[in-house]
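S.K.: Pasting a structure here, questions to come.
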Amino acid sequence: MHPSPRQVFRLIPRLAILLAVGASGLALADVGRWTPLGPEGGRATSFASAAGGAIVAATDGAGLFRSTDGGRSWAQVAAVEPGETFRFLRAAGADGARLWAASARALYRSENGGRSFTKATPGFVGPYEILGLATARADRDRLYVATSYGPEASWLFGSRDGGQTWKRLHRVGYLVGLAAAPSNPDVIYLAENRRVLRSNDGGRTFTPLAGIPSSGFLTSGLIDVDERDPDRVAFGVSGGRLAVSSDGGRNLTVTGPESTGCDLTAFLASSEIRSRWLLARSCFVGGYGVGADPHFEKFAGEIWRTEDAGGHWTRVATSDTPAGLASIPNVPEGVLLGVSRLGVLRSEDFGRNFRIANRGLVAAPVCSISPDREREGVLFAGAGLCSPLGNLWDSIGDLGFFRLEEGRLTRTVAGLRDPKVPLSAIAAIEDPDDSTRWFALSGPEIARSETQGRRWYAFSTPSIFAVVTGLLIRSATPQRPRTIFASGWSEYPHHIQAYSLVRSDDEGRNWTRVPELNMVFDRFFGPVTTPAAPDTITIATGGGVLFSSPDGGATWSRLSIYPAGHQRGVAGFAVDPQVPGRLLALGNLDDFGIATSVRRSTNGGASFKKSDRGLPAPLSIRALAFDPERAGLVYLGTSRGVFLSEDGGASWRPLAVPGLTGLLVLALSVDSVDPRTLYAGVAGGGGLYTLTRTDR
């Protein structure tokens with residue numbers, strides 16, 4: 001992958017970091033192999049120093065990355081689950097050879113400084129979530145893991161032999177923080193919502209410490225124990241502030257700039273000057289015109305610095321939402337900051353100035369792909385936040401839309417982003433009557449471009465929608481005018497979500513609700529039609545309902561993807577462009593809402609049957625794409641790579657092409673001009689992949 005153009009960002013007080021991710025990708029894709037094109041960026045959540053001065057970074061959805069040049073560039077670490085999101089990353093022992101990483105339900109161990117990891121999940125994790133992970137530099141074999149245990153309780157487990165055997169140590173109220181003293185692994189701190197407990201005997205007994213002053217509460221996940229002194233400890237508290245103690249927690253002093261709507265996300269003390277600290281905070285930004293809709297809350301980051309151990313604070317930067325701070329090995333004032341969208345920022349003066357350091361950090365998922373119907377190798381891809389359900393807590397960090405041309409990705413969001421509004425990249429839709437005109441679904445609005453996406457402008461958006469989830473444009477014919485259909489949802493008091501379909505016959509100036517299509521708590525996928533049946537419009541719902549109109553939306557019938565009484569949910573839907581009446585749905589959702597099976601109809605949706613012949617189990621299925629020219633050829637994107645069917649989904653076989661091993665495929669598409677070329681959007685590193693088939 002060619003690196004992004006080097007872009008230097010000086011962070012100065014009250015100046016936000018601009019989101020200018022440069023071009024990324026390969027000039028030419030390898031034939032017969034999936035080739036990554038980027039983009040670089042995403043979200044880094046935490047860091048750990050490893051042997052030989054290396055640094056390992058954990059990411060949302062893309063696993064682990066490793067740097068050997070002080071965080072300037074990154075390479076992905078293999079051998080983790082597809083799409084894994086890590087909550088915790090810790091080094092154990094003084095040499096940094098052993099590292100531990102934990103997701104919600106899995107524990108991984110490295111014995112070679114983070115070059116590779118193997119799964120080492122203890123049996124007690126079972127159905128529970130991992131809420132905390134603690135290690136110590138003084139004893140590489142000491143390890144602590146906390147898990148949930150019901151809605152209001154947690155268990156602490158400990159190992160003294162590097163995770164080979166475990167002992168249940170303590171039951172605590174629902175845990176929000178866990179840390180062991182780096183210099184003394186017998187000293188453990190546990191944080192509940194309103195109090196902190198300390199153990200001096202390796203977790204056998206605990207003593208409550210001083211209560212949190214005033215009416216505050218502890219911030220989830222943030223406990224920092226001094227490298228040399230186990231009695232010097234800091235806790236994140238509400239209002240984006242810090243509670244510090246120099247006597248092991250018997251007395252607490254709250255410091256830091258107080259602000260409602262802010263949470264403390266990271267803390268770092270200088271290894272050179274003990275009174276020099278950095279705070280990273282995530283702060284709510286309101287007033288962006290989406291009403292009271294909680295799914296589009298926006299958060300921004302603030303970086304604060306003190307030279308006198310919290311006596312006085314100075315805000316040195318604002319940024320995207322921060323997630324982690326860490327020192328750079330062998331760089332006295334070196335700091336790494338993990339943020340949304342950009343990935344990693346790097347400073348050599350303890351936070352006074354940062355530069356983007358995301359070269360090779362391809363951590364953003366690509367979830368939508370829309371090829372140009374006239375230009376080979378040209379498409380739009382949505383990277384980062386692609387969910388029509390919104391941007392709850394800004395957890396991944398969206399990058400927006402990218403345009404692929406001549407093998408390179410260029411970010412194209414000019415005119416789309418209000419800096420106060422999170423930008424979803426749900427889908428890009430080409431106008432069927434003008435190939436230079438595109439429409440973008442970016443959350444609560446529809447945008448239009450007359451310049452192939454180089455600049456976007458507001459389009460008339462149905463006012464009833466908080467989020468637009470789909471768009472269908474039907475060309476005018478002598479028999480009917482040009483029509484536009486839009487699907488979306490609105491939220492009302494008590495979190496009641498209403499999904500509906502609207503249409504416009506005057507280029508979006510006025511919209512009319514389609515009365516037959518209104519659902520509550522059952523979201524619509526985008527409306528679709530095909531060349532094989534241009535007057536038939538089909539819409540599926542997440543609950544398995546199917547609406548079909550044979551006359552361009554004049555009348556509608558209601559069908560079902562499942563037999564009566566057997567609804568198991570739908571996560572994706574497609575119609576065959578060559579064969580009328582052939583439909584495929586991704587169904588049988590698991591506990592996480594992911595499809596595990598394919599359902600097939602050959603009679604326009606009147607009935608569906610399970611169609612999994614040739615697919616392994618267990619399998620997560622996320623994407624579906626028909627070949628636009630060859631009848632019966634369809635592709636399936638899964639947690640085990642790409643599968644294909646040559647009989648319209650009746651049977652499946654693996655597409656035996658290297659390059660996607662260990663990656664979770666989220667989106668698939670076929671080039672409209674040269675159907676030998678496929679595109680895959682993945683979670684797990686690499687972003688957008690391309691393949692030119694030699695066997696089609």
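The values are calculated or read from the model by the stated rules, or taken from the named source; none is laboratory data. As the structure is a prediction and not an experimental result, all values here were calculated from the model. Here Cβ is always computed from backbone atoms with ideal geometry, including for glycine, and neighbour counts include all displayed protein chains. When the accessible area is computed, the model is the full protein with side chains, heavy atoms only, and any ligands, DNA or RNA have been set aside. Shrake-Rupley method; radii C 1.70, N 1.55, O 1.52, S 1.80 Å.
S.K.: Quickly work out the T436-to-S275 label distance, labels modelled 7 Å from Cα along the C-beta direction, and quote it in nm with one decimal.
M.R.: In this crude label model, S275 to T436 measures out at 6.5 nm.
S.K.: How big is the charge dipole of the chain about its Cα centre, in debye rounded to the nearest 20, if each Lys and Arg gets +1 on its Cβ and each Asp and Glu gets -1 on its Cβ?
M.R.: Here the size comes out at about 760 debye.
S.K.: Then there's this: Once you order the gyration tensor axes a ≥ b ≥ c over the Cα atoms, which shape class does the range 297-369 get: rounded for a/c under 1.5, otherwise prolate or oblate by comparing a/b with b/c?
M.R.: Because a/c hits 1.5 or more and a/b fails to exceed b/c, the range 297-369 counts as oblate.
S.K.: Quick one: if you stick a label point 7 Å off each Cα along the C-beta vector at A631 and T207, how many nm between them?
M.R.: If labels sit at A631 and T207, their model points lie 8.1 nm apart.
S.K.: Apply 1/(1 + (r/R0)^6) to the Cβ-Cβ distance of V285 and I464, taking R0 = 25 Å, and write down the FRET efficiency to the nearest 0.05.
M.R.: It comes to 0.50.
S.K.: Determine, for each peptide in 609-616, 688-695, the mean count of other beta carbons within 10 angstrom over its residues, then list the peptides with the highest first.
M.R.: 688-695, 609-616
S.K.: Separate question: Would you mind getting me the FRET efficiency between T451 and D535? Use the beta-carbon distance for r and R0 = 30 Å, nearest 0.05.
M.R.: E(calc), rounded to 0.05, equals 0.40.
S.K.: When a/c is below 1.5 the answer is rounded, else prolate if a/b is larger than b/c, else oblate, so apply that to the range 574-696 with a ≥ b ≥ c taken from the square roots of the Cα gyration tensor eigenvalues.
M.R.: Since a/c reaches 1.5 but b/c is at least a/b, the shape of the range 574-696 is classed as oblate.
S.K.: Take the Cβ-Cβ distance between R482 and D695 as r, set R0 to 45 Å, and report the resulting FRET efficiency rounded to the nearest 0.05.
M.R.: 0.65
S.K.: Could you tell me which residue out of A266, A179, S159 lies farthest along the dipole of the range 141-293 toward its positive end? Charges go on the beta carbon: Lys and Arg +1, Asp and Glu -1, centred on the Cα centre.
M.R.: Farthest towards the positive pole: S159.
S.K.: Cross-link partners among aspartates and glutamates for K119, C-alpha distance below 17 Å, same-chain residues fewer than 8 apart left out?
M.R.: Candidates past the 8-residue exclusion: E81, E84, E111, E129, D141, D161.
S.K.: Can I ask one more? Tell me the carbon and sulfur percent of the accessible area for the chain, rounded to whole percent, probe radius 1.4 Å.
M.R.: C and S fraction of accessible area: 50 percent.
S.K.: Here's another thing I want to ask about it. Once you list every other residue whose beta carbon is under 9 Å from the beta carbon of L156, what net charge do they have if Lys and Arg are +1 and Asp and Glu are -1?
M.R.: +2
S.K.: What is the packing order of peptides 199-211, 232-244, taking the mean over residues of other C-beta atoms within 10 Å and listing the highest first?
M.R.: Final packing ranking: 232-244, 199-211.
S.K.: Quick check: residue separation of N603 and S475 times 0.36 nm, minus the Cα distance between them. What number comes out in nm?
M.R.: Extra length from N603 to S475 when fully extended: 43.5 nm.
S.K.: Let me have the relative contact order for the chain, percent, based on Cα pairs under 8 Å that are six or more residues apart.
M.R.: Result for the chain is 11 percent.
S.K.: Which value does Rg/Rh take for the chain over its C-alpha atoms, Rh per Kirkwood?
M.R.: 0.98
S.K.: When ligands, DNA and RNA are left out and all protein chains stay put, how many square angstrom of accessible area per residue does the chain have with a 1.4 Å probe?
M.R.: Result: 38 Å² of accessible area for each residue.
S.K.: Taking a ≥ b ≥ c as the square roots of the Cα gyration tensor eigenvalues, with a/c under 1.5 meaning rounded and otherwise prolate when a/b beats b/c, else oblate, which class fits the range 63-140?
M.R.: Taking the square roots of the gyration eigenvalues as a ≥ b ≥ c, the range 63-140 is oblate.
S.K.: Okay, next question. Given labels modelled 7 Å from the Cα in the Cβ direction, how far is it in nm from N251 to A104?
M.R.: Between N251 and A104, the label points sit 4.3 nm apart.
S.K.: Which order do you get for E302, E348, E152 if you rank them by accessible area with a 1.4 Å probe, largest at the top?
M.R.: Ranked list, largest accessible area first: E152, E348, E302.
S.K.: Sticking with this one: Using the per-residue mean of other Cβ atoms lying within 10 Å as a proxy for protection, in what order, highest first, do the peptides 429-435, 548-554 fall?
M.R.: Ranking the peptides 429-435, 548-554 by packing returns 548-554, 429-435.
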